[in-house]
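This report refers to the structure that appears directly beneath it.
The values are calculated or read from the model by the stated rules, or taken from the named source; none is laboratory data. Remember, predicted model here, so these are calculated numbers, not experimental data. Here the Cβ positions follow ideal geometry from the backbone for every residue, glycine too, while neighbour counts run over all protein chains shown.
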Amino acid sequence: MAITCENSAELSLDDKRNNANMVAAMKASRMAANATRKAAKNPKALQSVVNALITATNAFDVAAVLALFAEDGMIDDPSTGHVFIGKCGIQRYIDEYFVGYNTSTRLLTVRMMGTNQVRVRVDFTGDFGHEIGMLLIRIDSDGLIVRIDAALE
């Protein structure tokens with residue numbers, strides 16, 4: 001999925017994408033994203049969405065991340081001082097804070113909050129060091145992420 005955004009900075013990913021393991025991980029994350037979207041019409045799908053999101057961000061697969069979001073999806077992350085709205089905003093967020101900082105995410109806990117919302121606690125590591133974060137993820141009836149509220153502990 002190619003998204004063209006005005007005034008978006010291009011980040012060089014050649015060194016990451018030339019690695020055969022990274023390419024395989026990107027393919028797997030895209031397949032997981034597509035499977036998640038198809039299966040997300042039941043409450044158990046929230047766990048699948050969380051897993052697909054973490055897999056895609058860890059693979060630096062921006063296209064797979066974007067496939068998990070509704071067109072008007074948003075990420076509110078006060079630690080960055082910004083709210084990222086729509087596919088272009090989400091692309092900027094992933095490019096800057098995941099790809100740009102070489103961020104790796106490990107799932108710590110999952111707490112279901114109904115059929116369309118989940119609270120997850122994650123362990124972030126990367127060029128910035130180490131942080132524990134909380135993500136409140138909400139999906140729509142099609143299983144697409146409509147909102148993520150992020151916070152650091």
Residue 30 passes all but one of (1) farther than 21 Å from residue 149 by Cβ; (2) surrounded by fewer than 19 Cβ atoms within 10 Å (Cβ to Cβ); (3) modelled with pLDDT under 90; which number fails?
-> (2)
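Residue by residue, here is whether (1) closer than 19 Å to residue 152 by Cα; (2) of a type in the set (S, T, N, Q); (3) crowded, with 21+ Cβ neighbours inside 10 Å; (4) modelled with pLDDT of 95 or more holds:
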| residue | (1), (2), (3), (4) |
| --- | --- |
| 39 | no, no, no, no |
| 46 | no, no, yes, no |
| 58 | yes, yes, no, yes |
| 65 | no, no, yes, yes |
| 77 | yes, no, no, yes |
| 103 | yes, yes, no, yes |
| 113 | no, no, no, no |
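Considering only region 127-140, state which residues are in a loop (DSSP other than H, G, I, E, B) and under 17 Å from residue 66 (Cα atoms).
Filtering region 127-140 for residues in a loop (DSSP other than H, G, I, E, B) gives 127-128, 140.
Scanning region 127-140 gives a single hit, 140.
Kindly indicate which of 100, 86 is out of contact with any helix residue (DSSP H, G or I) (no Cβ under 7 Å at 6 or more places or on another chain) and on the phi > 0 side of the Ramachandran plot.
Working: 100 fails: on the phi > 0 side of the Ramachandran plot.
Among 100, 86, only 86 is out of contact with any helix residue (DSSP H, G or I) (no Cβ under 7 Å at 6 or more places or on another chain) and on the phi > 0 side of the Ramachandran plot.
Which ranges mark the strands (runs of 3 or more DSSP E) fully within region 64-126 that have 3 or more residues being of a type outside the set (Phe, Trp, Tyr) and free of Cβ contacts under 8 Å to residues at least 40 places away in the same chain?
Values: elements: 69-77, 82-85, 104-112, 117-126.
Where strands (runs of 3 or more DSSP E) fall fully within region 64-126 and carry at least 3 residues being of a type outside the set (Phe, Trp, Tyr) and free of Cβ contacts under 8 Å to residues at least 40 places away in the same chain, they are 82-85, 104-112, 117-126.
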